[in-house]
Amino acid sequence: MACRIEVGMKKDLPDPAGESLLKRINSELGIGKVKAARVVDIYTIEEDLSQQEKEQIGQELLSDPVIQDFSVDAPLMGASEGGFSYAIHVGFKPGVKDNVGDTSKEAIGELLGKKLSGGVYTSKCFLLWGELDFQGAERIALELLANPLIHRFEIKTAQQFASLGFAAFAPKVEAVGGGLVSEIDLNVSDKKLLEISRRRLLSLSIEEMRRIRDYYADPDTIAARKQMGMPLAPTDVELEAIAQTWSEHCKHKIFNAKIAYKDGKKKKAINSLFKTYIKAATEKLARKKKWLVSVFKDNAGIFEFVPGWNVAMKVETHNTPSALDPYGGALTGILGVNRDVLGCGLGAKPIFNTDVFCFAPPDYQGKIPPRLFHPRRVMEGVRAGVAAGGNASGIPTINGALFFDESYLGKPLVYCGTGGLMPSEIAGRKTHEKGAMPKDRIFMAGGRIGKDGIHGATFSSVELHEGSPVSAVQLGDPYTQKKLADFLLEARDLGLFNAVTDNGAGGLSSSVGEMAQSCGGCILHLDRAPLKYPGLDPWEILLSESQERMTFAVPPSKAGEFVQLARLRNVEVSDLGEFNSSGFMHVKYGAKTVAYLDMDFLHNGLPQMELEAEASPRKLSEPPPILSSDPKEDLLSLLSRPNIRSKEWIIRQYDHEVQGTSAVKPLCGKNAEGPSDAAVIVPLPQRKEGLVVSNGLCPRLSMLDAYQMAANAVDEAVRNFVAAGGSLERACALDNFCWPDPVYSPDNPDGKHKLALLVQACQGLHDACMAYGIPLISGKDSMKNDYRHGKWKISVLPTLLVSMVGRIDDASKAATTDFKSPGDLIYLLGLTKDELGGSEYYAMKGILGANFPKVDFKRNAKLYRKLEAAIKRGMLASCHDCSEGGLAVALAESCMGGMLGAQISLDGALGKMVPSHFLFSESAGRFVVSVKKGKEKAFARLMRKVGCFRLGRVSEIKQLHITYKGKPIVSAGVGEMLEAWKKW
Amino acid sequence: MVIALAKSQKVSVWMKKGADTQKKPKCLVLSGFGLNSEAELAHAFFLAGAEPRIIHFSDISSGKARLSDYEIFAIPGGWSFGDDIASGKVLANKLKSTFRNQFEEFALSGKPIIGICNGFQVLVKLGALPNLSSDFKQQATLAGNASGKFEDRWVYLKPQKSVCKYFEGVPFVLCPVRHGEGRFVAPSHAISEMEKRGQVVLKYVDEKMEEGGYPINPNGSAKSIAGICDKTGKIFGLMPHPECSVLRFHFPRWPEGITYEKNSLRFFENVVKAGREHL
């Protein structure tokens, strides 16, 4: 019989978890009459245990003797003291990953010296005191404590609770059936074909369904199937495997489509955006960049960092899962991209994470559409998920960005990036090359398989709607993954495998299918895969996206050593079959063949998509110049806007220094208040070279001009990179597109326009990368970021994230953004134009505008190279790029970082602009720098031809003082700027 | 990889250092089961003149490695067992049920044992710190931060008069804290006893070396206690990360030349010196 152990803080001690819940009840729900809250942790153990054993578990494992009490098979709290108004019990639904439960099971086994046969399940009981009605308790449960998608909850009053508390609850998955294979007749009408695709969530188009039908009607296929004793119709296993392999997520069908593009009278036929703009740019640049090691091939792009060491980087998105369950979605997002890097080449050690989030504003007041959460809850969940993933894995989160806009109410954008370090050779073998060999064993390692995450690959390619499946949600387990990662790197160094890849989207189907391409086939035994619980059909085992799993190709001669090492390191590995050169993906379940697919058809059979793009003209208008009476108030208001204000609250909750490599941290300056432009880490402490990591993101410009949106994003990433001292010669970038559905259909009438924006953005990306000489080494796209429910339709702003990574030859020369010493001269580098369209300043005034920033590639490229030289020669005391909020905000941030003031004069700088436009314009290619004493002349000489204006000096008086024609127009104390900037 | 890094270590370009001719004590830096700061801790011990080896927990429990072959035992930071149930608890229990005897033997021999962050949590939950009654029973704990949050921020640490010799010649240490469960809690009689016996080793202070509230005391620890030792002074643990302030670039204000790597390094050198006595 299941027993229950409850653990809580001793009654005479405060309960911090209860107190923070109380705070949130007050501040987020505005329920002010709850006076106290306490939290009890409940462990339900499905095992026959003696009273003594239960006591031992409570005493020695589950409770802390110094601060906690525990009870066995009785409520710890509440029954005797009463007085509380409501108790809320929250636990997981069956099948949801319970990490603490799993660890408890292992630890109880260790404590008692016996393996437990049943599960251990955790839940929490929240006791609330004060005036509260049932409705209030239900709001607390639904809006703060439980996500009904993954949790079950129960609410009781003190009287209802008194006698029994809550009944023991073990959310065990009740297994029914399993092991079934069905056949699907494709010799049906088009309408029925589409019906099959829709019903099974295959996300396949009619052309694709017809292509599959034709494959099964082909005489060669029929002959091969007859020989294998297979039915002539496809099995569900086969159809699911094809759909998964052909998913938008895996094949990037839109980026590879033939596009007929029309913009007014201009027409253009584009055969694959990817080949035409992204790959082409890199290929042209790669000829001169011998340090590029592997691009667009593997899970991540790889380049040489220093001789003997390579760096791999990848950025992923996890938007839909994060909309459904912000914490779990973001957690699996960061762990997933970690595995991309771990599974890149023969495996790289993750050395940094990046996170970029786009949310609706946290103070959003409007209605929340069905199935969505308030943006504040989304933000907090996502933050916590990425923090849990990074912190618990020992990977520093070194760089990121936050952008707020109401268009992200339907789907938040959650970009997670990871960089990894690998020796370029191990025992004479190049680590960036991998390939399964015929006869290699197929090993799956890490977590077990459940129904979680089934259809993730196809699901990410559809819009979010009310009936979205719950199986799309998964909860990551950083601990299991950390063990797997340590094991992987150890096995790599011992040369125990020929290839490795992540089990991400598409699960085994994808990982084994991809790995089998190098040797030409495989035989996979699904019945040998370890399951979390029985009851799975073969297609579910093949497609499941249960987390923390990787697939290895292990030579038969090393299999014994591989298994032994795994056992020693507590990593579960299973031999699932063999790679071969049969030309077929052969999948068995017991003695039965359940899939027999031609590898060539599976990987190359997908018909190319043909799409139409048509740009609709925009109606933009520029308002007359704003003759703002008080630029100081404008500046303070800008500093407190969500897109500008301090990110300290989020940065500090991420471990950004673990591994001991961090040289330029996310916050810099005297009191660590200044925002850094880019991160610099020193991955090899015995060397002076550093890695610089930055990003650029300008989604609001999509409303004005998609080409410039992309160009500005590249420029911002480059600016940030150069500002920290990065070397442009050794820089590369990653592109991540998150778009609203760009495929026209009667349901999506502006699809052609959105596709046209995608074309323009790709052109902007291409031109900017070519102009600055930045090769793209990896990328990803997420194409259906829409929410739909009845009349509600919310589409994200077309958004491109540009992540940059590269080298600084001497990290001790890196620049930071804070002013360092009074008297240093301050310069503005680059040209300021009247370009406030899409700016934060206009947004604050409720204006979009028309004069958007146009990047002058040629001029900027020159400036960036000069700036790089100035930093290298140690001329600068500080360097900060101008982005959201323009010059004024950049100056304010450098002052706040240094806890110093600045005396600025705009005389002679404005041209035809009014002061407020000059201060808040967001023209690209600009920096605020302060120059070290004694270096002024050399600096002015170096910068002579690239646009350099002397603004004034750093001052000891803690005030940003800006004058124009002798009159002060801004006079803001560092203290009041900080107050505005740190307000959340 | 961590192993590859440990093997290929050379003296950093970030630190000027003369040739080291003294004998090098061997330092076992524990890894595995979610620990994650072993590489930087091994590097700090390397810089301080030890010969560090990163050894997986299961290599000790399986008998492949023996503690007695080492002069220093260090448990680094990390999230052992995901910090599930309570930080450090499950690893402490696992150590008890696998190589408790080896551990206690090592401790009784007077060789240095160091726990940092998660390693400190393990030592406290193991009862090795403060171990007032010499029975290896848990008497103190590291509870959730008073702020209710995980935080990464830099703190000043002031060595107290104590039986621990590891901070001789160290005026203060500036280094980061990075934890969610670092609030030192113990019954008041235990704290008085620790103070009386000189087992309180480090306190959180501000740059003027004065104690204060949040964020000077970043987690709300009782009496601002950041690090403690056992009655011999040889077993020592702390929440902050001195191994991340041994190189110039580690310090937030290195661009202005404000760095104190010598202080942190001196701590590691003192530990190495204590280890050397057992060669």
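Quick check: residue separation of A:Lys933 and A:Arg528 times 0.36 nm, minus the Cα distance between them. What number comes out in nm?
Working: separation 405, 0.36 × 405 = 145.80 nm, distance 7.04 nm.
Going from the current span to full extension adds 138.8 nm.
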For region A:93-200, what does the alpha-carbon gyration tensor say about shape, rounded, prolate or oblate, given a ≥ b ≥ c as the root eigenvalues, a/c under 1.5 as rounded, and a/b over b/c as prolate? oblate
Mind checking the mean number of beta-carbon atoms from other chains within 10 Å of the Cβ atoms in A:108-118? 1
Convex hull projection area averaged over all views, chain B, Cα basis, nm²: 13.8 nm²
Inter-chain shielding metric for B:145-151, i.e. average beta-carbon neighbours from other chains within 10 angstrom, reads 5
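Among B:201-213, A:379-391, A:347-359, A:789-801, how do they line up from the highest to the lowest mean number of other beta-carbon atoms within 10 Å?
Details: B:201-213: 16.2, A:379-391: 24.5, A:347-359: 26.5, A:789-801: 20.2.
My ranking of the peptides, most packed first, is A:347-359, A:379-391, A:789-801, B:201-213.
Once a ≥ b ≥ c are taken as the square roots of the eigenvalues of the Cα gyration tensor of region B:180-279, is the result rounded (a/c under 1.5), prolate (a/b larger than b/c) or oblate (a/b not larger than b/c)? Walk me through the numbers on the way to the answer.
Details: a/c = 2.42, a/b = 1.15, b/c = 2.09.
Oblate shape, in that a/c is at least 1.5 and b/c is the bigger or equal ratio.
What ranking, highest mean first, results for peptides A:705-716, A:837-848 when packing means the other Cβ atoms within 10 Å averaged over each residue?
Values: A:705-716: 27.8, A:837-848: 20.0.
Ranked by mean Cβ neighbours within 10 Å, highest first: A:705-716, A:837-848.
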Taking r as the C-beta separation of A:Lys430 and A:Lys284 and R0 as 25 Å, the FRET efficiency to the nearest 0.05 is 0.50
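In percent, what relative contact order does chain A have, based on Cα pairs under 8 Å that are 6 or more apart in sequence?
11 percent
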Mind jotting down a quarter of the surface of the convex hull over the alpha carbons of region A:2-162, in square nanometres, one decimal? 9.5 nm²
Return the average number of partner chain Cβ atoms within 10 angstrom of each residue Cβ along peptide B:71-84. 5
Could you give me the radius of gyration and the Dmax of region A:781-927, taking only the C-alpha atoms into account and expressing both in angstrom? 18.5, 62
Would any residue of region B:178-205 have its amide N under 13 Å from a label point 7 Å out along Cα→Cβ of B:Lys161? List them or say none. B:195-200
Farthest positive-ward along the protein assembly as shown dipole, Cα basis, beta-carbon charges - from A:Tyr596, A:Gly447, B:Phe45: B:Phe45
Could you tell me which of A:Ala141, A:Ile67, A:Gln160 has its Cα farthest along the dipole of region A:2-162 towards the positive end, charges placed at Cβ (Lys, Arg +1; Asp, Glu -1), taken about the Cα centre? A:Ala141
Compute the distance from the alpha-carbon center of region A:784-800 to that of region A:507-554, in whole Å. 33 Å
Net charge dipole size for region B:126-189 [Lys, Arg +1 and Asp, Glu -1 on Cβ; Debye, nearest 20]: 120 debye
Helix-only [θ]222 nm of chain A, DSSP H runs n ≥ 4, -39500 (n - 2.57) each, per residue, nearest 500: -9000 deg cm²/dmol
Can you give the FRET efficiency for A:Lys267 and A:Gln608, using 1/(1 + (r/R0)^6), R0 = 22 Å, r = Cβ-Cβ distance, to the nearest 0.05? 0.70
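Taking only C-alpha pairs under 8 Å that are 6+ residues apart, what is the relative contact order of chain B in percent?
Values: 616 pairs, mean separation 54.7, N = 279.
With pairs under 8 Å counted, the relative contact order is 20 percent.
State the extension gain, in nm to one decimal, for the chain segment bounded by A:Glu956 and A:Glu131, taking 0.36 nm per residue of separation less the distance between their alpha-carbons.
Working: separation 825, 0.36 × 825 = 297.00 nm, distance 5.35 nm.
Full extension of this stretch gives 291.7 nm more.
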A chain fully extended from A:Asp190 to A:Lys983 at 0.36 nm per residue, minus the present Cα-Cα distance, gains in nm 279.7 nm
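Helix-derived [θ] at 222 nm for chain B: sum -39500 (n - 2.57) over DSSP H runs of at least 4, divide by residue count, nearest 500?
For chain B, the value works out to -8000 deg cm²/dmol.
If you place +1 on the Cβ of every Lys and Arg, -1 on the Cβ of every Asp and Glu, and leave all else neutral, what size is the dipole of chain B about its Cα centre, to the nearest 20 Debye? Provide the component values of the computation, followed by the final result.
On the way: 37 positive and 28 negative charges, 96 e Å.
Value, rounded to 20: 460 debye.
Using Cα-Cα distances under 8 Å and only pairs 6 or more residues apart, what relative contact order does region B:64-204 have, in percent? Show your work: numbers first, answer last.
Values: 220 pairs, mean separation 30.5, N = 141.
Once divided by the residue count of region B:64-204, the mean separation gives 22 percent.
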Separation between Cα centres of region A:831-884 and region A:1-80, rounded to whole Å: 54 Å
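Count charges around A:Arg4 for me, please; just the other residues with Cβ under 10 Å from its Cβ, Lys/Arg as +1, Asp/Glu as -1. All intermediate terms of the calculation are to be shown ahead of the outcome.
Values: positive: A:Lys54; negative: A:Glu6, A:Asp73.
Neighbour charge sum, excluding A:Arg4 itself: -1.
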As an exercise, take the mean of 1/r over every pair of distinct alpha carbons in the protein assembly as shown, invert it, and state the Kirkwood radius in angstroms. 31.7 Å
Determine the distance separating the Cα centre of region A:250-321 from the Cα centre of region B:226-279; give it in Å without decimals. 46 Å
Picking from A:Leu704, A:Gly669, A:Ile651, whose Cα lies most toward the positive end of the charge dipole for region A:626-741 (charges on Cβ: Lys, Arg +1; Asp, Glu -1)? A:Gly669
With a 1.4 Å probe and all protein chains in place, put A:Asp630, A:Asp214 in order of accessible area, largest first. A:Asp214, A:Asp630
How large is ³J(HN,Hα), in whole Hz, for each residue of region A:851-858 in order, when computed from phi with the Karplus curve 6.51 cos²θ - 1.76 cosθ + 1.60 and θ = phi - 60°, using x for Gly and Pro? 7, 7, x, 10, 6, 9, 4, 4
Would you grab the residues whose amide H sits under 5 Å from the one on A:Tyr86? Only those 5+ places off in sequence or on another chain, please, with H modelled 1.01 Å from N. A:Leu128
Would you mind working out the magnitude of the charge dipole of the protein assembly as shown relative to its Cα centre, with +1 at each Lys and Arg C-beta and -1 at each Asp and Glu C-beta, to the nearest 20 Debye? 3880 debye
Taking a probe of 1.4 angstrom, what is the accessible area of B:Thr21 in Å², to the nearest 10? 130 Å²
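The values are calculated or read from the model by the stated rules, or taken from the named source; none is laboratory data. Predicted model only: the values in this text are computed from it and were never measured. Note that we place each Cβ from the backbone using ideal geometry, even for glycine, and neighbour counts take in every protein chain shown. To get the accessible areas, we keep the full protein, side chains included, count just its heavy atoms, and leave off ligands, DNA and RNA. Shrake-Rupley method; radii C 1.70, N 1.55, O 1.52, S 1.80 Å.
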